[in-house]
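For reference, the structure discussed in these notes is given below.
Read-outs: derived from the displayed coordinates by stated rules, not from any lab. In this text, all values refer to a predicted model and were calculated from it rather than measured experimentally. Cβ sites come from the backbone with ideal geometry, for glycine too, and all protein chains shown count toward neighbours.
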Amino acid sequence: MDQKLRVLVVDDTITYRKIVGSVLAEMPDVEVVGTAANGKIALDKIAQTRPDLLLLDLEMPEMGGLELLRRLKAAGSPVGAIVLSALTSHDSRSTLDCLALGAFDFILKPASGTFEENLRRIREELAPRVAAFARRCEVRGLLAGVRRVAAAPPSPPPMPPPRPTAARPEVVAIGISTGGPAALGEMLPRLPAGLRAAVLIVQHMPPVFTRSLAEDLDRKCRLRVFEARDGDAVEKGRVLIAPGGRQMKVCREGDRVLVRLTDDPPENSCRPSADYLFRSVASVYGPRALGVIMTGMGNDGAAGCREIKAQGGWLLAQDAASCVVFGMPRQPIQEGIVDMVAPLDRLDQEVVRIVEKGRPACT
């Protein structure tokens, strides 16, 4: 990096200011430009120090993190934010509101443990997110108002030739991570109530948060959206989101397909994992499956995409420009196995076209 990422730590607890500050101090391309004990103080510090990124607590006296983000958005501020959240229903809803306001991502505050244990946990969660945010800033040329030149993503290989009308999918399986709540909040409400396929989603999130996400999306969508329960039937026109901390797969039992939740180990450090879901979808539905791989860090879902393609199913990928982090879609696109790459604002159209007609729009 040509210039260090400037970070302001905003938290009313001195312990967490020290923990987060210690983690950030280990990162050679990061400069901590200050701390603030609440949002009101942070507004002054932002004006003085011009940070690129806030490490932002939610619950603080005088002004909390959510209100601070509202004010920054209203003012058109370019500063980013990673939210420090607790594992509670209230904080999960507030965190989703922060993500809707443009926060880059969130991490969980440890509920217990020694200073050293909490330092290790926060380091494991925070370091990759700060690195991903810095890469996004390089690509978008936002650091400190200086246009940065970043290496463009490698050009994808030629798309496979359009195939003729094929089996129409009975299920749409979506894998998504960083940037997911906002992307799903844009895409899913545009899907019609009469969609002739079930929708299954793996969003990388901890327990409680996936329930809040499902409730929030259910209020916005014409389709019904639920956090999945073990034994739920997979039915057209219904959206099921894998609960945080569980793996979700589909199984054919008699003449029905049911969701099964397990405590199987994480895959790609993820539970729920898109690969885990996609693998079962490929096995149960074969050519009547549509996999959609969207914004997110890492490569969870790439192996599952290969499984769906090997069984004759369909694949859609979100394009690099509209991803918050172009991680999860990158490998399937580079391998040339996806049937369509589309921006976020057109993914719903492609889903509907394939489900209804058995072909993408651009054939």
Among residues other than residue 356 whose Cβ falls under 9 Å from its Cβ, what is the net charge (Lys/Arg +1, Asp/Glu -1)? +4
Once a ≥ b ≥ c are taken as the square roots of the eigenvalues of the Cα gyration tensor of segment 212-363, is the result rounded (a/c under 1.5), prolate (a/b larger than b/c) or oblate (a/b not larger than b/c)? rounded
May I ask you to list the residues of segment 1-41 whose amide nitrogen lies under 16 Å from a point 7 Å from Cα along the Cα→beta-carbon direction of residue 120? 23
Do you know the Lys pair count in the chain for C-alpha distances under 23 Å, with sequence separation 8 or more or different chains? 15
Would you please classify the overall shape of segment 219-272 from the alpha carbon gyration tensor, given that a ≥ b ≥ c denote the square roots of the eigenvalues, rounded means a/c under 1.5, and beyond that prolate means a/b larger than b/c while oblate covers the rest? oblate
State, as an integer percentage, the relative contact order of the chain based on alpha-carbon contacts under 8 Å between residues 6 or more apart. 14 percent
Calc'd 3J(HN,Hα), segment 58-68, phi into Karplus 6.51 cos²θ - 1.76 cosθ + 1.60 (θ = phi - 60°), Hz, glycine/Pro = x, comes to 8, 9, 9, x, 6, 8, x, x, 5, 5, 4
Quick one: Karplus J couplings for segment 124-137, per residue in order, coefficients 6.51, -1.76, 1.60, θ = phi - 60°, nearest Hz, x for Gly and Pro? 4, 7, 7, 4, x, 6, 5, 5, 5, 5, 5, 5, 4, 4
Using per-residue counts of other Cβ atoms within 10 Å, averaged over each peptide, order 187-195, 211-219 from highest down. 211-219, 187-195
Per the C-alpha gyration tensor (a ≥ b ≥ c, the square roots of its eigenvalues), segment 285-349 is rounded if a/c is under 1.5, else prolate if a/b beats b/c, else oblate; here it's oblate
Sum up the charges of everything whose Cβ sits under 15 Å from the Cβ of residue 239, counting Lys and Arg as +1 and Asp and Glu as -1, but leave residue 239 out. +1
Under a plain spin-label model, where a point goes 7 Å from the Cα along Cα-to-Cβ, how far apart in nm are residue 29 and residue 112? 3.8 nm
Can you list residues whose amide H is under 5 Å from residue 291's amide H, if they're 5+ apart or on another chain and H is modeled 1.01 Å from N? 173, 314, 315, 316
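Report the net charge of residues surrounding residue 170, where surrounding means a beta-carbon distance below 9 angstrom and charges are Lys +1, Arg +1, Asp -1, Glu -1. The partial results should precede the final answer.
On the way: positive: 168, 196, 236, 288; negative: none.
Within the 9 Å Cβ shell, the charges total +4.
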Label-to-label distance, nm, for residues given as residue 47 and residue 357 (7 Å Cα→Cβ offset): 5.5 nm
Here, residue 90 and residue 167, labelled 7 Å along Cα→Cβ, have an inter-label distance in nm of 5.0 nm
So who's got an amide H within less than 5 Å of the one on residue 238, skipping anything under 5 residues away but keeping other chains? H placed 1.01 Å off N, in plane. 199
